[in-house]
Amino acid sequence: MRRQYIGSCKKRLSVLLSAACLCTLMVGCKEAEEEVVMSEVIPVQVQKPEAGKLTLKNEFMGTVSPEESVYVIPMVTAEVLSTNVSLGEEVNEGDVLCKLDSEAAQLQLASAKAQYDSAAAGVNSAEVGYEVAQAQYESTVAQLDAQMGGQKNLQMYQLQIQVDSVHSGIDDIYEQMSDLEEDKAKALEQKGELEQAIGDAGNYVNQANAYVEEAKQKYEMAVAAVTALEPATYEEQQKVVKAYEAEYGAGSYEYGLKKAKENLAAAQSAYDQANAVASQASAAYNQATSAYDQLESGIESIDDGREQLDGALADTYKSLEQAEAIKNITEEQVYSDTQKIVDANKKAAAMGLESAAAGINSAQVGVEGAQVAIESAEYQLDMYTLKAPISGVIEAVNVKEHDFASPNTPAYIISNKEAMTVTFYVSEGVRNTFQTGQKVTVDRNGKLFDGVITEIGSMVDQNTGLFVVKVSVGRPDESMLTGCSVKISADTYSQDNVLLIPYDAVYYDNGQPYVYVAVDGVVARRDIETGIFDEQTMTVVSGLTTEDQLITSWSANLREGAEVSIQKEKSAAAEDAVDEE
């Protein structure tokens, strides 16, 4: 509509200049005779409006990005020990990108293994107890059978085997106790190291929080400075500008506002960095605390294993006492046992064997739980090695050796550039003209690419107030860089089954569009309802027909009721051809 307004203004200016010249002649004339109005036939060109369709092509600015882009985000906060790739380098899926300091995770894994060793010791102890119970059961049964058969020598031999077996079991238990004591000593040493690490991490957290508070105060001061220079209303801002330039000189306000915003940006960056450091410090503290808790759990498991061994040792000594008592009775040839006593002893031996078997099952459950803890710790340890999830090009590197990697910041950005996406923003009206699958042209510094609309946003973007549209470019080259700007050409507004007339044939009266038509050699004004337009053509929704003779030429004397002579009739297509020449 702005071009329409400019065109009508040019025509009105010419009319006013002609009228001014006429007034000058009239003032210069000193005769008092009454003005004689001379009629003049105006030569004009006309054409008949044609029914047709007008489609507008609009251009938009967009930003290029890969269709597949992956952010490699560390799952833990830790120091970067080494980096293996650089910006712009191509990588394959599974390649190692960098390695982080995994000392805390290794301690956690060591604690889990210590817990597993303790559980395994419990299984060994239970198996020894079962072997003892088995030997006792078999010996008891053999002894009782021998007693009943009168084979004293065989009984004594078997009893001695039982006693020896119990002694062997006691030696095994003491050896396992010694191993657990060594594991516990190592765990306590690691515990001391972790306590020191937790203390250091706590100090780091306090320092980081103090840094955050200081950065926050500077940021708030910077915000206050910008707010003072940019009040909420235009009148208040003008007062600030006058006061500022009155004190520091003309033009100083813009410089002062620029410096204040630069200070604000710097304060914002420092504040964000301080928060990132504080988050890293807290993560390191939490990691050390978690490893400490795991180690405490491992120490408790070792203590539990020791308690189990103590119980097994006590039971074994009882078995030894029973075996030695039976042996002594047999040696003293006390054969006052009745069948009832024999049966009771067999039953007691069988119960002891069943109890030992249940102990093995319980200990094996503990081993399985400890194995799960090891697998979990190994999974945690694997997080300290960052690998490429896809094949592609390294687009961004945000880590370097001896800095801290954090889940708050992607360490790498990897892009697969087999296809690229162009993102741009449009108004709601333009959005409603688009369709997915619609073909567009993408211009990158004069190089054209074919594109297809793949996504049309259904929600207003909070930052721009517009709707996002995405275009896929299937065969990009090296000029389509990530983040670069391109120009998108696409068909937007279209009107069909409307009348098409020359753009310059339309005039305006207080915003009302109208045209002049020739009717029986006389000018007639027609108010019209217009639609869309481009640089040459405008659509007419109502007010004209295809039979009207539209006046397309301009004259200073053109007005309603003026007489005209038609010079030549031109079609809209011919008019367009002349304009193109």
ask   = Does Val166 satisfy the criteria of being more than 30 Å from Ala312 (Cα to Cα) and either in contact with a Phe, Trp or Tyr (Cβ under 6 Å, 6 or more places away or on another chain) or assigned to a helix (DSSP H, G or I) (or both)?
value = no
request  = From (1) modelled with pLDDT of 95 or more; (2) of a type in the set (S, T, N, Q); (3) open to solvent by 40 Å² or more (accessible area, probe 1.4 Å), pick out the condition that doesn't hold for Ser494.
outcome  = (1)
message = Criterion first (open to solvent by 60 Å² or more (accessible area, probe 1.4 Å), farther than 20 Å from Leu87 by Cα and more than 21 Å from the chain's Cα centre (by Cα)) does Asn463 satisfy it?
response = no
note = Residue count, the range 497-518, condition touching a residue at least 12 places away in the same chain (Cβ under 8 Å) and open to solvent by 60 Å² or more (accessible area, probe 1.4 Å), comes to 3
query = Among (1) within 30 Å of Ala283 (Cβ to Cβ); (2) open to solvent by less than 50 Å² (accessible area, probe 1.4 Å); (3) aliphatic (A, V, I, L, M); (4) modelled with pLDDT of 90 or more, where does Ile488 come up short?
reply = (1)
request  = Please tell me if Gly94 is within 30 Å of Tyr412 (Cα to Cα), at pLDDT 85 or above, surrounded by fewer than 18 Cβ atoms within 10 Å (Cβ to Cβ) and of a type in the set (Gly, Ala, Ser).
outcome  = yes
inquiry  = Here is a check on your reading of the model: is Gln237 open to solvent by less than 70 Å² (accessible area, probe 1.4 Å), in a helix (DSSP H, G or I), within 30 Å of Arg306 (Cβ to Cβ) and polar (S, T, N, Q)?
reply    = no
message = Need pairs with beta-carbon distance below 8 Å; first residue exposed (fewer than 11 other Cβ atoms within 10 Å of the Cβ) and within the range 437-452, second not basic (Lys, Arg) and not in a strand (DSSP E or B); sequence gap 6+ or separate chains.
response = Asn445/Ser479
task = Could you look through the range 519-541, keep only residues that are acidic (Asp, Glu) and touching a residue at least 24 places away in the same chain (Cβ under 8 Å), and pick out the one that is farthest from Thr55 (Cα to Cα)?
result = Glu535
inquiry  = Being surrounded by 15 or more Cβ atoms within 10 Å (Cβ to Cβ), farther than 21 Å from Arg559 by Cβ, at pLDDT below 90 and in contact with a Phe, Trp or Tyr (Cβ under 6 Å, 6 or more places away or on another chain) is true for just one of Ser8, Ser102, Ser65. Which residue is that?
reply    = Ser102
inquiry  = Scan the range 172-186 and tell me whether some residue there is out of contact with any Lys or Arg (no Cβ under 9 Å at 6 or more places or on another chain), among the aromatic types (Phe, Trp, Tyr) and under 30 Å from Tyr116 (Cβ atoms).
reply    = yes
note = Per the filter on the range 194-218, residues touching a residue at least 24 places away in the same chain (Cβ under 8 Å) and either open to solvent by 60 Å² or more (accessible area, probe 1.4 Å) or touching a Cys at 6+ places or on another chain (Cβ under 9 Å) (or both) are Glu195, Tyr204, Gln207, Asn209, Tyr211, Glu214, Lys216, Lys218
query = Can we say Pro407 is under 17 Å from Ser102 (Cα atoms), at pLDDT 90 or above and open to solvent by 10 Å² or more (accessible area, probe 1.4 Å)?
reply = yes
key: For Met480: the one exception among (1) free of Cβ contacts under 8 Å to residues at least 60 places away in the same chain; (2) buried (at least 17 other Cβ atoms within 10 Å of the Cβ); (3) among the aliphatic types (A, V, I, L, M)   = (1)
key: Residue among Ala222, Ala228, Ala260 that alone is without any contact (Cβ under 8 Å) to a residue 60 or more places away in the chain and under 31 Å from the mean Cα position of the chain (by Cα)   = Ala222
message = Residue under question is Val36, and the condition is that it be at negative phi, assigned to a loop (DSSP other than H, G, I, E, B) and at pLDDT below 85; does it hold?
response = yes
inquiry  = Within the range 255-268, does at least one residue satisfy the condition of being open to solvent by 60 Å² or more (accessible area, probe 1.4 Å), more than 30 Å from Asn286 (Cβ to Cβ) and hydroxyl-bearing (Ser, Thr, Tyr)?
reply    = yes
ask   = Among all residue pairs at least 6 apart or on different chains, which show Cβ distances below 6 Å where the first residue, located in the range 241-252, is modelled with pLDDT of 85 or more and the second is of a type in the set (Lys, Arg)?
value = none
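The values are calculated or read from the model by the stated rules, or taken from the named source; none is laboratory data. As the structure is a computational prediction, the values presented were derived from the model and not from experiment. Neighbour counts run over all protein chains shown; Cβ positions are idealised from the backbone, glycine included. Ligands, DNA and RNA are excluded from the accessible area calculation, which covers all protein heavy atoms including side chains. Shrake-Rupley method; radii C 1.70, N 1.55, O 1.52, S 1.80 Å.
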